[in-house]
Amino acid sequence: MKASRRLCGLVLLLLVSTFLSAQRHRDPLTQEEIGQVRDTSWEPKLRLPLYLQFARTRLVKLEEIRNDPKTKDRTKQTHDLLDDFQLLYDELNDNIDTYVDRKNDIRKPLKAIIEADTEFQAKLRALKDAADVPRAESQEYEFVLTNAIETVDSSAEDHRKLLDEQEELAKRKKLVKDPSKGTGVSPE
């Protein structure tokens, strides 16, 4: 009887700890970055480049830790930075969808995003193809890296199509030039 209670208690403890650790997911943005995003909520021409900058920063940091022989726990940091990149890139795409739904003119930031897609594809593929990474190490972040590559690849194509659609809508004057108009919020 005591053994079954202990076993039930142990199972319950294990389930609770698993649930709590699953609930704890890092926010990929720093407090300063959150403030910057909040300040640009109505302005796609300001907000979308911020997400590009944040994603690019994660890849630059990734390259730095990969090239620094003194880096401790390189595999975990690589995994976490790739995960942060993926989350930020997904948020970029969510914001694009929001602005498209609002019929905002995002042609200018889309051009920068398309250029960044090419850059991101090259950096992610370089990491995947790195010959100096032991197989056991690369397996630790292979899943998140593969997801990031697939996301950027499919999004790059979507971004090009969206730019074409935006160009067509602009010709027919169907895009909103001032996204804050009528919201009571003015861009600074």
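Any lysines with Cα under 25 Å of the LYS173 Cα? List them, leaving off those in the same chain fewer than 8 positions away.
List returned: LYS45, LYS103, LYS108, LYS111, LYS161, LYS181.
Quick one: what are the phi-derived ³J(HN,Hα) couplings along region 51-62, Karplus 6.51/-1.76/1.60 with θ = phi - 60°, whole Hz, x for glycine and proline?
3J(HN,Hα) across region 51-62, in whole Hz: 5, 4, 4, 5, 5, 4, 4, 5, 6, 5, 4, 4.
Take the alpha carbon gyration tensor of region 63-163, find the square roots of its eigenvalues, order them as a ≥ b ≥ c, and report rounded if a/c is under 1.5; if not, report prolate when a/b exceeds b/c, else oblate.
prolate
By a straight-distance test (C-alpha under 12 Å), which aspartates and glutamates pair with LYS72 as possible cross-link partners, with residues fewer than eight away in the same chain excluded?
Result set, ordered by chain and number: empty.
Can you compute the charge dipole magnitude of region 56-161 about its Cα centre, using +1 on each Lys and Arg Cβ and -1 on each Asp and Glu Cβ, nothing else charged? Give it in debye, rounded to the nearest 20.
Approximately 360 debye in magnitude.
Read phi for every residue in region 122-139 and hand back ³J(HN,Hα) as whole Hz from Karplus 6.51 cos²θ - 1.76 cosθ + 1.60, θ = phi - 60°, with x for Gly and Pro.
Along region 122-139, the couplings run 5, 5, 5, 5, 4, 5, 5, 8, 4, 7, 8, 9, x, 4, 4, 6, 5, 5 Hz.
If R₀ is 25 angstrom, what is the calculated FRET efficiency for the pair ASP39 and LYS72, using the beta carbon separation as r and rounding to 0.05?
The computed FRET efficiency comes out at 0.10.
Using a cut-off of 10 Å between beta-carbons, work out the net charge of the residues near ASP117 (Lys and Arg +1, Asp and Glu -1, ASP117 not included).
-4
Can you give me the solvent accessible area of VAL60 with a 1.4 Å probe, rounded to the nearest 10 Å²?
Spelled out: VAL60, probe radius 1.4 Å, area about 50 Å².
Once the other residues with Cβ under 12 Å from the Cβ of ASP132 are scored (Lys, Arg +1; Asp, Glu -1), what is the net sum?
+1
Tell me which residues come under 5 Å, amide H to amide H, from VAL176 once H is placed; ignore anything under 5 positions away on its chain.
Those qualifying (amide H under 5 Å, at least 5 residues apart or on another chain) are ASN104, ASP105.
The values are calculated or read from the model by the stated rules, or taken from the named source; none is laboratory data. These figures come from a predicted structure and were not determined experimentally. When we count neighbours, we look across all protein chains shown, and the Cβ atoms used for this are built from the backbone with ideal geometry, even at glycine. SASA here: full protein model, heavy atoms, side chains in, ligands and nucleic acids out. Shrake-Rupley method; radii C 1.70, N 1.55, O 1.52, S 1.80 Å.
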